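In what follows, a structure is listed as C-alpha cells, so that the remarks can point back to it.
Bear in mind these aren't lab numbers, they're just calculated from the coordinates by the rules spelled out. Not measured: the values here are computed from a predicted model. In this analysis, Cβ positions are derived from the backbone assuming ideal geometry, glycine residues included, and neighbour counts consider all displayed protein chains.
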Amino acid sequence: MTEAILLVGGKGTRLRPLTVNTPKPMVPAAGVPFLTHQLARAKAAGVDHIVLATSYLAEVFEPYFGDGSRLGLHLEYVTEVEPLGTGGAIRNVAAHLHSGPDDPVLIFNGDILTGLDIPALVDEHNTSGADVSLHLSRVEDPRAYGLVPTDGTGRVTAFLEKPQTPEEIVTDQINAGAYVFRRSVIDTIPTGRPVSVERETFPDLLSSGAHLQGMVDSTYWLDLGTPQAFVRGSADLVLGRAPSPAVPGRCGDRLVLPTADVAPDAKLTAGTVVGENARVGAGARISGSAVLADAVIEPGAVITDSLIGRGARVGARTVLTGAVIGDGAQVGADNELQTGVRIWCDAHLPPSSVRFSSDQ
Ligand code: GTP
C-alpha cells in the first residue's frame with residue numbers, strides 16, 4: 001500500500017476574487033475540480049490511500065469526492081480547527097496512516113500542477129535511504145522562492161529564505177511541494193501548534209543530522225497561487241502540456257463540456273475550456289481561457305488568457321485580456337478590460353463603461 005497526504009488548507013485557500021465559497025482545489029481546471037487531477041495522478045502512480053488535510057471551507061470536499069472509490073482510492077478527510085501550517089497539518093493526520101515506521105509516505109501541496117514522476121521520487125527515496133526526499137524544480141527566476149541547494153549526490157545542504165540580493169541566489173533549485181517522508185519522521189513534528197515544514201521541520205531535521213534528499217525533476221511545474229497561473233494551468237491541462245489522467249476528453253486546442261452550448265462560428269483556441277451549461281455566442285473568440293459552468297459569453301466577445309467565473313456574463317463585443325471575472329459578475333457589452341483587472345463576484349459593470357484603446 002502507498003499512502004499520501006494532500007495539503008489543502010491554510011490561509012490562501014480561496015482564489016480571490018474569482019470565488020467566494022469554493023476553495024481553490026475545488027475550482028474547475030480543464031473541466032473538473034483541480035484536486036481531481038492531483039488525486040488521479042497519485043492513483044496512477046500507485047497510491048491507494050489519501051488523507052486530505054483541510055482547514056478552511058473543508059465541508060465542500062467530502063460531498064464531491066466521498067470515500068474516493070469513484071477514483072479507485074480510499075479517501076479520508078481531517079479538518080483542523082485552526083490552520084496548523086504545512087508541518088502541523090501533516091502531523092495532525094498521522095493517526096490515519098497505516099504505514100509501518102520505515103515506509104515512505106507521500107505528501108503533496110494542494111496548489112501545485114506538475115508532471116512529476118512520482119514513482120521516481122519514491123524510488124530515489126528508497127535507494128538513497130533518506131529520512132525525507134523532496135521534489136526540486138529549477139526555475140529561471142528563483143527570487144520569489146525559498147532555495148534548496150544540494151551537494152553532488154543530491155543531498156540537501158540548506159534551506160534558504162527568499163533571496164534578497166543576487167549573491168544570495170546560490171542555486172536555481174526550489175522546493176516544488178512534493179515530498180516523501182519516512183513514516184516515523186512525521187511523529188517527530190510537534191503537535192497542537194502551527195508548524196511550517198519549510199521554515200521549521202526541514203531546517204530542524206537538517207541541523208539534527210537527518211538525511212534530506214533532493215530530486216531535481218525538470219518536468220512541467222506550476223504554482224497555482226494566482227488566478228492568472230490558474231488560467232495557465234487549466235489551459236496547459238487541456239493542451240496536454242500538464243499531464244493528467246482526469247482531463248474529461250481528449251487533449252487538444254479546446255475542451256467543451258457536453259452540456260455547454262457553443263455557437264458553431266465561435267472560435268475556441270489555445271487550451272480554452274467551456275464548462276457545464278455555459279453558453280458562447282456567435283462570433284465570440286476565446287483563447288487560453290477558462291469559462292466556468294453556467295457562464296454566458298455573448299456574441300462577438302473577444303477573450304484572451306482570462307478566467308470567467310461560474311454564472312458570470314460577458315457582454316457582446318466586450319474585449320477581455322488577462323482578466324478575472326468573479327462568479328456571478330456581469331460585464332456589460334462593449335467594454336474593454338486589460339491585464340490584471342479583477343471584477344469581484346456578483347459585481348455589475350454597465351455597458352460601454354471601460355476602454356483602453358483610443359476613440360475611433
Ligand atoms: P507554512 O509552511 O505552513 O507556513 O505554509 P506556506 O505558507 O509555506 O505554505 P503554502 O501557503 O505555500 O501552502 C502549501 C500547501 O499547503 C498549499 O496546498 C496549502 O493549501 C497547504 N497549507 C498551507 N497551510 C496549511 C494549513 O495550515 N493547513 C493545511 N491543512 N494545509 C495548509
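For the chain, the longest principal axis of the Cα atoms and the long axis of helix 34-44 meet at an angle of about 50 degrees. Among beta bridges from DSSP that stay inside the stretch 1-106, the antiparallel ones total about 20%. Determine the sum of side-chain charges near Gly271: Lys and Arg each +1, Asp and Glu each -1, restricted to other residues whose C-beta is under 11 angstrom from that of Gly271. Net charge in that neighbourhood comes out at 0. Annotation: amide H-H contacts under 5 Å for Ile303 (H modelled 1.01 Å from N, sequence separation of 5 or more, or interchain): Arg285, Ile286, Ser287, Leu320. Summing charges over neighbours of Val216, with a neighbour being any other residue whose Cβ is under 12 Å away from its Cβ, gives -3 when K and R count +1 and D and E count -1.
From least to most packed, judged by other beta carbons within 10 angstrom and beginning with the fewest, Phe202, Phe34 follow the order Phe202, Phe34. Within the stretch 40-178, DSSP assigns beta bridges of which about 55% are antiparallel (rounded to the nearest 5).
Each residue of the stretch 153-161 is assigned a 3J(HN,Hα), and the resulting list reads 9, x, 6, 5, 9, 6, 10, 10, 5 Hz, derived from the Karplus form 6.51 cos²θ - 1.76 cosθ + 1.60 (θ = phi - 60°), x at Gly and Pro. The distance separating the Cα centre of the stretch 236-287 from that of the stretch 288-360 comes to 17 Å. For Lys24, the lysines whose Cα falls under 16 Å of its own Cα, not counting residues fewer than eight places away in the same chain, are Lys11.
For a paramagnetic label modelled on Tyr220 (point 7 Å from Cα along Cα→Cβ), amide N atoms under 13 Å away belong, within the stretch 20-52, to 29-31, 37-38, 41. Using only the C-alpha atoms, the convex hull of the stretch 194-276 corresponds to 150 Å³ per residue.
Across every pair of non-identical alpha carbons in the stretch 19-132, the mean reciprocal distance, once inverted, gives a Kirkwood radius of 15.2 Å.
With the dipole of the chain worked out from charges on the C-beta (+1 for Lys and Arg, -1 for Asp and Glu) around the Cα centre, which of Ala333, Leu224, Gly288 lies farthest toward the positive end? Comparing the listed Cα positions along the dipole, Ala333 ranks first. Rounded to the nearest Hz, the phi-derived 3J(HN,Hα) couplings of the stretch 102-109 under the Karplus curve 6.51 cos²θ - 1.76 cosθ + 1.60 (θ = phi - 60°) are 9, 6, x, 10, 7, 9, 10, 5, where x marks glycine and proline. Would you mind telling me the antiparallel percentage of the DSSP bridges in the chain, rounded to 5? Once the DSSP bridges in the chain are tallied, antiparallel ones form about 30 percent. Net length available on complete extension from Val139 to Ala120 is 4.8 nm, with 0.36 nm assigned per residue and the Cα-Cα distance removed. With a Förster radius of 25 Å applied to the beta-carbon distance between Glu161 and Arg193, the computed FRET efficiency rounds to 0.75.
Counting every other Cβ atom within 10 Å of each residue's Cβ, His74, His98, His49 order from fewest to most as His98, His74, His49.
Take every Cα pair under 8 Å whose residues are at least 6 apart in sequence, average their separation, divide by the length of the chain, and the relative contact order is 15 percent.
Derived scalar couplings between HN and Hα for the stretch 301-317 equal 5, 10, 10, 10, 6, 10, 10, 10, x, 4, x, 6, 10, 10, x, 4, 6 Hz in order, rounded to whole Hz, by the Karplus curve 6.51 cos²θ - 1.76 cosθ + 1.60 (θ = phi - 60°), x for Gly and Pro. Across the alpha-carbon set of the chain, the Rg to Rh ratio works out to 1.01, Rh being the Kirkwood radius. Around the Cα centre of the stretch 243-360, unit charges on the Cβ atoms of Lys, Arg, Asp and Glu (plus for the first two, minus for the last two) sum to a dipole of about 180 debye.
When all alpha carbon pairs of the stretch 253-349 are counted in 5 Å bins from zero, the resulting P(r) reads 4, 17, 29, 32, 14, 4, 0 %. Under a cut-off of 19 Å between alpha-carbon atoms, report the lysines in cross-link reach of Lys162, not counting same-chain residues fewer than 8 places apart. Candidates past the 8-residue exclusion: nothing left. Proximity of backbone amide H atoms, modeled 1.01 Å from N, is registered between Leu255 and Thr272, Val273, Val274 at under 5 Å, excluding neighbours fewer than 5 places apart on the same chain. Between Ile186, Phe61, Leu75, the Cα set farthest toward the positive side of the dipole of the stretch 3-223 (charges on each charged residue's Cβ, about the Cα centre) is that of Phe61. Once the other residues with Cβ under 14 Å from the Cβ of Val105 are scored (Lys, Arg +1; Asp, Glu -1), what is the net sum? Taking every Cβ under 14 Å from that of Val105, the sum is -4.
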